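Asker: Structure in structure tokens, see below.
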Amino acid sequence: MDITVVGAGVIGLVTALVLEERGHTVRIVAAASGDRTTSAVAGAVWFPYKAGPPDKVAAWATRTRAWLEAIDDRDAGVERVTCYEIAPDDTKPWWASTIEVSRVRAPVTGTPMAWRFIAPRIEPGRFLPWLQARLHAPIEHRVVIDLAAEPGDLVVNCSGLGSRELAGDNLLYPLLGQIAIVDPAAADMTISVTDDRGSEIFYAIPRRDELVLGGCSRPWPPGAPPEVDPELSARIVAQARSLGLDAGAIRSERVGRSPPRARRPHHPQLRPRRRRLHAVPRLRRRRRRARLRYSLITPPKYKPAPTAASTRIATSAISSARERSRPPSTTA
Ligand SMILES: Cc1cc2nc3c(=O)[nH]c(=O)nc-3n(C[C@H](O)[C@H](O)[C@H](O)COP(=O)(O)OP(=O)(O)OC[C@H]3O[C@@H](n4cnc5c(N)ncnc54)[C@H](O)[C@@H]3O)c2cc1C
């Protein structure tokens, strides 16, 4: 098949690579790539967070984990680490149905009980270029305004938070995350620690030569550019030290916005309202079918703006794409 993938974050690049490996002809279109994506800001350790439905996410996450663990190339920046998740109670994590987890004391101050598991850790600064280098198709840098107008037999929407405008997917909302990249000092660089007991999530993720400390997860106004908050970094580093994690000086700070979904009832974190389709079978009809195609990529009950307002849609998409194509805020 001839397939267009919209988006060149980790989701778009992995999707494009897997499709190419299965013999499809792939074209990647993205407003921004590499360091200018949210994916470049991620920690990043394998860990389902604020995603659903839980049974499907657990199965998808297990496959992703196996795919990542099968990568046998040091240049990819993917390595296995031992993770400790300190949770507010002893309920087994919903995402752990298909992986081995054990209840142990965490190797931090106070030795609270934690869930221990092995998971792949990704360095986005290595992984994104590695993915890109494996793709035959170069990234076509441009803003997509109408998914249905893209060429190909299939269009796969991997535009992350961009789907709010591009697919009218208002269940997505920006969740601000910030990391401080610090000197590892004498920290144990084989373990990752997540502490989910407080009002804001904390995590420490080791990389080859640096330690990532995070984070926060704050709902952020759509359209507002994220900004590094130095006080937040100081709080994150202080929290690491209070847990006995040896954090050195801050090298840089980064901030970005994750695209989780609004709540759904069958999951403690999620509550369903609408279904949406992200893979859009291309209907080979003319412009009179365009509205039908548009409705395929929008949630049922979503009311697309009337045709007369198409200029408004384009303007909003372009202005938000401009905002998206700005690099995530960074200080060094
Ligand atoms: C501080 C922080 C830490 C995190 N840590 C972790 C972690 O440890 N583990 C984890 O799993 N996740 C983590 N995340 C979340 C993770 O970063 C995101 O879930 C992930 O990067 C989303 O990838 P994506 O490819 O969907 O989106 P993005 O990386 O945002 O990419 C979206 C792509 O779509 C393109 N695009 C958007 N709109 C349009 C348009 N209209 N036209 C053309 N192109 C468009 C963009 O230009 C971009 O190329 C973290 C996030 C943050 C901010």
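Conditions tested, residue by residue: (1) within 13 Å of the ligand (Cβ to nearest atom); (2) modelled with pLDDT of 95 or more; (3) touching a Gly at 6+ places or on another chain (Cβ under 6 Å).
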| residue | (1), (2), (3) |
| --- | --- |
| Leu131 | yes, yes, no |
| Pro138 | no, no, no |
| Gly152 | no, yes, no |
| Ser159 | yes, yes, yes |
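Asker: Okay, moving on. Check off (1) surrounded by fewer than 21 Cβ atoms within 10 Å (Cβ to Cβ); (2) in contact with a strand residue (DSSP E or B) (Cβ under 6 Å, 6 or more places away or on another chain) for Ile179 and give me the number that stays unchecked.
Answerer: It is condition (1) that Ile179 fails.
Asker: Could you grab the pairs with beta carbons closer than 6 Å, sequence gap of 6+ or different chains, first residue in the stretch 5-24 and assigned by TED's automatic domain parsing to the domain that holds Asp153 and free of Cβ contacts under 8 Å to residues at least 24 places away in the same chain, second one among the aliphatic types (A, V, I, L, M) and part of a loop (DSSP other than H, G, I, E, B)?
Answerer: Once the first residue is assigned by TED's automatic domain parsing to the domain that holds Asp153 and free of Cβ contacts under 8 Å to residues at least 24 places away in the same chain and sits in the stretch 5-24, its partners that are among the aliphatic types (A, V, I, L, M) and part of a loop (DSSP other than H, G, I, E, B) give His24/Met1.
Asker: Can you name the residue in the stretch 33-53 that is β-branched (Val, Ile, Thr) and farther than 18 Å from Ile99 by Cβ and, of all such residues, is nearest to the chain's Cα centre (by Cα)? Outline the logic, then answer.
Answerer: First pass over the stretch 33-53, keeping only residues β-branched (Val, Ile, Thr): 37-38, 41, 45.
Right, trim to farther than 18 Å from Ile99 by Cβ and you get 37-38, 41.
On the way: Thr37: 10, Thr38: 7, Val41: 9 Å.
Checked the stretch 33-53; the qualifying residue nearest to the chain's Cα centre (by Cα) is Thr38.
Asker: Still on this structure: What number of residues within the stretch 187-213 are more than 14 Å from Tyr49 (Cβ to Cβ) and either touching a strand residue (DSSP E or B) at 6+ places or on another chain (Cβ under 8 Å) or modelled with pLDDT of 90 or more (or both)?
Answerer: So the count comes out to 16.
Asker: Do we find a residue being within 29 Å of Leu243 (Cα to Cα), in contact (Cβ under 8 Å) with a residue 60 or more places away in the chain and in a helix (DSSP H, G or I) anywhere in the stretch 80-91?
Answerer: Filtering the stretch 80-91 down to residues within 29 Å of Leu243 (Cα to Cα) leaves 80-91.
Cutting the leftovers down to in contact (Cβ under 8 Å) with a residue 60 or more places away in the chain gives us 81-88.
Going one step further and asking which of them are in a helix (DSSP H, G or I), we end up with none.
So far as the stretch 80-91 goes, no, none of its residues is within 29 Å of Leu243 (Cα to Cα), in contact (Cβ under 8 Å) with a residue 60 or more places away in the chain and in a helix (DSSP H, G or I).
Asker: Right, here's the next one. For the stretch 25-41, indicate whether the set of residues that are at pLDDT below 95 and either near the ligand (Cβ under 9 Å from one of its atoms) or surrounded by 17 or more Cβ atoms within 10 Å (Cβ to Cβ) (or both) is non-empty.
Answerer: Going through the stretch 25-41, the residues at pLDDT below 95 turn out to be none.
Within the stretch 25-41, none of the residues are at pLDDT below 95 and either near the ligand (Cβ under 9 Å from one of its atoms) or surrounded by 17 or more Cβ atoms within 10 Å (Cβ to Cβ) (or both).
Asker: Something else now. So which residues in the stretch 174-193 are among the β-branched types (Val, Ile, Thr) and under 17 Å from the mean Cα position of the chain (by Cα), if there are any at all? It would help to see each step written out before you state the result.
Answerer: Step one: filter the stretch 174-193 for residues among the β-branched types (Val, Ile, Thr), giving 179, 181-182, 190-191, 193.
Residue satisfying the conditions is Ile179 alone.
Asker: Right, next: When the residues of the stretch 42-64 are filtered to those that are part of a helix (DSSP H, G or I) and of a type in the set (Gly, Ala, Ser), which remaining residue is nearest to the ligand (Cβ to nearest atom)?
Answerer: Taking the stretch 42-64 first, the residues part of a helix (DSSP H, G or I) are 54-64.
Next cut, of a type in the set (Gly, Ala, Ser) only: 58-59, 61.
On the way: Ala58: 14, Ala59: 16, Ala61: 9 Å.
Among those residues, the one meeting the criterion is Ala61.
Asker: Exactly one condition in (1) free of Cβ contacts under 8 Å to residues at least 24 places away in the same chain; (2) more than 18 Å from the chain's Cα centre (by Cα) is not met by Trp60; state its number.
Answerer: (2)
Asker: Exactly one of these conditions fails for Ala8: (1) closer than 28 Å to Leu243 by Cβ; (2) among the small types (Gly, Ala, Ser); (3) buried (at least 20 other Cβ atoms within 10 Å of the Cβ). Give me its number.
Answerer: (1)
Asker: Scanning the stretch 208-233 for residues that are of a type outside the set (Ser, Thr, Tyr), more than 18 Å from the chain's Cα centre (by Cα) and within 29 Å of Ile118 (Cα to Cα), which turns out nearest to the ligand (Cβ to nearest atom)?
Answerer: Once the filter is applied, the top-ranked residue is Leu232.
Asker: From the set of residues in the stretch 182-206 that are free of Cβ contacts under 8 Å to residues at least 60 places away in the same chain, over 19 Å from Phe117 (Cα atoms) and of a type in the set (Gly, Ala, Ser), which is surrounded by the most Cβ atoms within 10 Å (Cβ to Cβ)?
Answerer: Step by step, filter the stretch 182-206, then rank; the result is Gly198.
Asker: Something else: With the requirement that a residue be outside any strand (DSSP E or B), within 22 Å of Pro53 (Cα to Cα) and touching a helix residue (DSSP H, G or I) at 6+ places or on another chain (Cβ under 8 Å), what does the stretch 97-126 give you?
Answerer: Narrowing the stretch 97-126 to residues outside any strand (DSSP E or B): 97-101, 106-112, 123-126.
Those still in the list that are within 22 Å of Pro53 (Cα to Cα) too: 97-101.
Residues satisfying the conditions are Ser97, Thr98, Ile99.
Asker: Another question, if that's okay. With the requirement that a residue be modelled with pLDDT of 95 or more and either in contact with a Ser or Thr (Cβ under 8 Å, 6 or more places away or on another chain) or not basic (Lys, Arg) (or both), what does the stretch 73-100 give you? Full working, then the answer.
Answerer: Kept after step one, since they are modelled with pLDDT of 95 or more, are these residues of the stretch 73-100: 73-86.
Of everything in the stretch 73-100, those that are modelled with pLDDT of 95 or more and either in contact with a Ser or Thr (Cβ under 8 Å, 6 or more places away or on another chain) or not basic (Lys, Arg) (or both) turn out to be Asp73, Asp75, Ala76, Gly77, Val78, Glu79, Val81, Thr82, Cys83, Tyr84, Glu85, Ile86.
The values are calculated or read from the model by the stated rules, or taken from the named source; none is laboratory data. Treat the numbers as computed from the prediction; the structure is a model and nothing was measured. Note that each Cβ is placed from the backbone with ideal geometry, even for glycine, and that neighbours are counted across all protein chains shown.
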